[in-house]
1. Quick one: label points 7 angstrom along Cα→Cβ at B:Phe24, distances to the other copies in nm, smallest first?
2. Reported to two decimal places, what Rg/Rh ratio describes the range A:187-344 when computed on Cα atoms with Rh from the Kirkwood expression?
3. Take the alpha-carbon centre of the range C:263-317, take the same for the range B:1-57, and report the distance between them in whole Å.
4. Along the principal axes of its C-alpha atoms, what lengths does the range B:184-233 span, in descending order and rounded to whole Å?
5. Please list the non-local residues whose amide H lies under 5 Å from the amide H of B:Tyr141, H modeled 1.01 Å from N, same-chain partners needing a gap of 5 or more.
6. How tilted is helix C:277-291 with respect to the longest principal axis of chain C? Cα atoms for both, answer in degrees (0 to 90, nearest 10).
7. Size of the dipole of the range A:1-138 about the Cα centre, Lys and Arg at +1 and Asp and Glu at -1 on the beta carbon, nothing else charged, in debye to 20?
8. Would you please classify the overall shape of the range A:68-173 from the alpha carbon gyration tensor, given that a ≥ b ≥ c denote the square roots of the eigenvalues, rounded means a/c under 1.5, and beyond that prolate means a/b larger than b/c while oblate covers the rest?
Amino acid sequence: MRALKNIWYMAAWNDEVPAGRLFFRTLLEKPILFFRDSQGTIKAIGDRCPHRFAPLHLGNLVGDAVQCKYHGLQFGGDGQCTHNPHGNGVIPKAATVPAYPTVERYGAIWIWLGEPALANPNNIPDFPLLDLETFAAGHGYLKAKANYELESDNIMDLSHIEFLHPLFATEAVRRGKIETSQEGNVVWSKRFITNEILPSFLEEAFRLPPGGAADRWLDCRWQAPALIELYSGATPTGRSREEGNLAPSVHFFTPETATTTHYWYAMCCPLSVGPTAHKIAEEQTAAVRGPFETEDLPVVEGQQAMIGELDFMSLGPVLLPGDAGAARARRILEKLIAAEEAQG
Amino acid sequence: MRALKNIWYMAAWNDEVPAGRLFFRTLLEKPILFFRDSQGTIKAIGDRCPHRFAPLHLGNLVGDAVQCKYHGLQFGGDGQCTHNPHGNGVIPKAATVPAYPTVERYGAIWIWLGEPALANPNNIPDFPLLDLETFAAGHGYLKAKANYELESDNIMDLSHIEFLHPLFATEAVRRGKIETSQEGNVVWSKRFITNEILPSFLEEAFRLPPGGAADRWLDCRWQAPALIELYSGATPTGRSREEGNLAPSVHFFTPETATTTHYWYAMCCPLSVGPTAHKIAEEQTAAVRGPFETEDLPVVEGQQAMIGELDFMSLGPVLLPGDAGAARARRILEKLIAAEEAQG
Amino acid sequence: MRALKNIWYMAAWNDEVPAGRLFFRTLLEKPILFFRDSQGTIKAIGDRCPHRFAPLHLGNLVGDAVQCKYHGLQFGGDGQCTHNPHGNGVIPKAATVPAYPTVERYGAIWIWLGEPALANPNNIPDFPLLDLETFAAGHGYLKAKANYELESDNIMDLSHIEFLHPLFATEAVRRGKIETSQEGNVVWSKRFITNEILPSFLEEAFRLPPGGAADRWLDCRWQAPALIELYSGATPTGRSREEGNLAPSVHFFTPETATTTHYWYAMCCPLSVGPTAHKIAEEQTAAVRGPFETEDLPVVEGQQAMIGELDFMSLGPVLLPGDAGAARARRILEKLIAAEEAQG
């Protein structure tokens, strides 16, 4: 599939790959096996044994290596065969699988599927919302039968809240102002809602006193390939943002294939809230699964079904104000991919 | 798919589209949304929102318009966007979906998928069997995983009764005479059976006295694209047709795709029978579902599985006398499609 | 699909086609109908009626002919239409289906899908293990979602036992010596294990006294297209093979399609064991289904999933010593197919 290659993709939450276990996932159409070595360091290698092409994930973890279930060849985290139990035990030169640079950071596993020499962990973006010293973050995951850009469009365009998420659709949501801006290859889509009477579950989420009017902001920050931070907070109306209570979240997408997407989300709670921060983050992350799964997912998968194999832009989508952020994000991504292709 | 465009297709029974509800169906590979406006008039529009391509059938009916579930754009029965809740509310020119001419007649909804300027409700054929002042008609529907011509072949060739429908296969059925004739682009396939000892359920269906010999006729009338009336009746042997009791039916087919078909059928009972006519029509329509579903459908779907992506005629089917009507119908349809293609 | 044409393929165990029944199976992508005539002789004809292409297997056996369910045409085992119940009853010349030469031998049904004039029953290989005067044989069948060469590779390369079949993996298995040899177009892959302490179920299978060291051999004999005899036996260590107790088996594969395979296996027990030989053969055949289905099948189907539509050899598989036999078999098969293609 056509996608940006030389960039860090999210591959999993760290707790999806516990020690001592093999974890298999397809990313950008590549079958990849994840495991931890004896130091706990995450490793990612091609899942196809170079001997008979059996899936390595059917095998076992033996020390720091994966043993193929079929004939017992073992492969280390660098993709090299470390053990051949057959014949004179000499390891054939061709007995290797791809090894993908990985980094564990922000509670997530990041993978580099492009040119290995270009993999630089410093290029993993900063995600303050996932900084474990400041925030607690729940770990949510969904798989969508839709292209990943349809998913990132969905978050960048929060003008859908009013229609798709009735529980969240206050009268004030409609009056919200949307501003889009760009900083280099980062796109901001900011929504500000003032004088809003929040439903009590949202008052609670923002830790506001009950019954008063609120100001609320929902600021989405997109960067390639499809990593969105949603800085969300609220104050009693008229107060400064600095006084606000935050209920932010992140929404990260990686293509499985051209028409299916891995979606990781996290509701984040400032540790300053106190010892309940982790419980709050986990509960809120569990709570949003409902609307994500029963409201967003059917629409996004319905879009994909309507689009089929065609290119989204080639169908000439009508542009509304709420699309400005998503449209910019798509243009940047297209530009980055085209630049990569131009370099060969 | 290759099909006749400028002709009325059946789209649904009228009771498939109740007031206040959205009804979705694919016809000739087009996703189409049906609903009734506040006057009860049937409307048919493209099911794909021009904004983000979400399926409109996930949305809601709001007055005379369909509101998209995703961002609340509303579309009227003419396909024009009638409401844009975003920004300054101006409706983008491109915010339209196709609108298809529809007519509700004979208890059915008819749709025109071709050149809109050519849509003329007067060209919907007459169907005396569905004339609600003369006949009661049950409403049956099946979906078949087979091309629609395999389905219309099936009805036009009743020589299969003897083999596929053992309950209906009297000794006399085999002796039945078949005559095929053509009037313009209409094909008749007529079968006449004389001196038949009918099973009691057929005696009852034809309202004949028990135990006597009967004369029975099964006259199929095909017209494009795949609309078949089956004029069936019986008398005690030797009597004139005018004295006969009728148990006719209609069998209408519209392609969903090249290999799947919508099949609507109706058993019809003359209102002259008295106040039980509607009950009879409904009971007979319910009763034929059994053989249609368990006897015809497996064969017709089996044919499709054997044919696969190939063209039926290219496989050189052997012709038997019973195929004369279906073969003529296929030739006429092919001629009509070719003529339409020649016009560009 | 690309496959050897002019060779006998196994089509079924004889008991898969009981008298009076129609049996349908796809072989090399051809839909084929099997039945027995009134003498019990096996017949194989194309499953597609030449009239309307209905699947003949939906029909009935009428004497020595198959009657189509749709319109009652009957076809004999020679593929000729024998009865046309329509019109004047004349049988159209084109009313034929392919007829495939078949032979019932060794408890199996063999079919010739190539040029009919070349079909010579003498060319069905000898299978002493299926000689009913010497051996009892159980009849096992599995269908695999994998190419048939992946299946024959699996049997020819028994170096996988140690890893894939833990119950069978004695310490001595690893020390086993593998020798590969070729006789014309027959490939032998022989494994000899000495001084082995067998688990009790294997001691029992080989009818050895409990507790002693054993010598065991596993000699696989492949011939095209994918017919493998596994001559397996054991003695107390140091004795001659002539004194050994045999527990051999056969493993025959026929492609259903390029990516699915029919797999027939039989555990064989020498009749010299006495009256329990049949029971032993049947019990052992039933017992191996477990590992075949839960250990081999997931790996072989996993290989196919990893290979997808690609050609196995084009992916450059790493060769290990255990692959020598399978690699020779693949080369011979490729040579035979290429020779057949060269002849046109």
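Every number in this text was worked out from the coordinates using simple rules, so none of it is lab data. What you see is a predicted model; the values in this text were computed from it and never measured. Cβ atoms come from the backbone with ideal geometry, glycine included; neighbour counts cover every protein chain shown.
1. 3.2, 3.3
2. 1.02
3. Taking the Cα centre of the range B:1-57 as reference, the centre of the range C:263-317 is 53 Å away.
4. 40, 17, 11
5. Sorted by chain and number, the residues that satisfy this are B:Tyr265.
6. Here the helix axis deviates by roughly 90 degrees.
7. Roughly 660 debye for the range A:1-138.
8. prolate
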